[in-house]
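Chemist: Quick one: the structure is below, questions incoming.
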Amino acid sequence: LSYDQDPLDLALIGVLGLGRTHSDFTLLGTARPVAAEIGYASGLVSLTAGLTVAEPLRIGAYGLLVSGDDGFGTLSLNQTHHGFVSLSPRLGYTRIFFNGGLATTLQSLSVTSVSPDGAGLLSGGLNVAYSPTEELRLFLTGAVMSALFPSPSTGAHLLGGELNGAVEYHFTPELSARGELAGFLPGRYYGDIKGGFQVMLGFSWAAGPGA
C-alpha cells in the first residue's frame, strides 16, 4: 500500500510465508524410518515515510518487523517455525546490514553476509537528503537493529547500529559521480566482533535519447 501526496509519502509492505513439508528418512546408524512434518508461518511488515520539509531538504523514516524463533534458525521435527529465513530481499534500508551484514569464518571476521536467519528482527531508522544546489546532493542515514530473540551464545538482543553517508554530484545532465561511506557497529548479539566499514565511489553516464 502506498500514499504519495506532496509533501508526504507513505508505503506499507507486508509479506506472509506459509508452507508445510513432509519428509521420510532413516536416522543415521539405524534402520528405523522417521516421518517428519515441518511447517512454516513467517511474516514481514515494513513502513516507510518521507516528508519534504523545504524544497532542498527531505527527511524520512522506516520501521521493520520480521518474525522469528528462539531456535536460531534450527529446524525441529513436527513443529511450525516462524523464522523469516534468509532476510535478503535486499530491503535497502542501509548499505551494510541489509545488503551485507556480519559473517564469521575460521579465517576472519568480515562484512559479507545477511542478517541472522530465524532470530527475528526489529529495526528503525532515519534518513536525510539535502540538495544545496542543483548539482550537489547529500544523504545521511542512521539505523538500529535488534533481534526478537536473544543470541544463544551471548543472551543479547542488540544486533547493532549503522550510519551511512553519501555525496552525489552531477557534472552534466548525463554525467554524475557518487561517493559513499558506511559503518556498522555490531551489538552484543554478535559477541566480540569489531565494526565494519565500506567505502564506494562510482561514476554514472546516462546517454540521452538518440545518443
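The values are calculated or read from the model by the stated rules, or taken from the named source; none is laboratory data. No experiment lies behind these values; they were computed from the predicted model shown. All Cβ positions, even for glycine, are placed from backbone atoms using ideal geometry, and neighbour counts span all protein chains on display. Heavy atoms of the whole protein, side chains included, go into the accessibility calculation; ligands, DNA and RNA do not. Shrake-Rupley method; radii C 1.70, N 1.55, O 1.52, S 1.80 Å.
Chemist: If packing is taken as the average count of other Cβ atoms within 10 Å, what order do 147-160, 130-143 fall into, highest mean first? Intermediate values should be presented prior to the final figure.
Modeler: Details: 147-160: 17.0, 130-143: 14.6.
Taking the mean over residues of other Cβ atoms within 10 Å, the ranking is 147-160, 130-143.
Chemist: Sorting VAL128, VAL144 by accessible area (1.4 Å probe), largest first, what list results?
Modeler: Values: VAL128 60, VAL144 85 Å².
Result of the area sort, largest leading: VAL144, VAL128.
Chemist: Still on this structure, please answer the following. What is the spin-label model distance, in nm, from SER2 to ASN99 if the labels are put 7 Å beyond Cα along the C-beta direction?
Modeler: The modelled label-to-label distance comes out at 1.9 nm.
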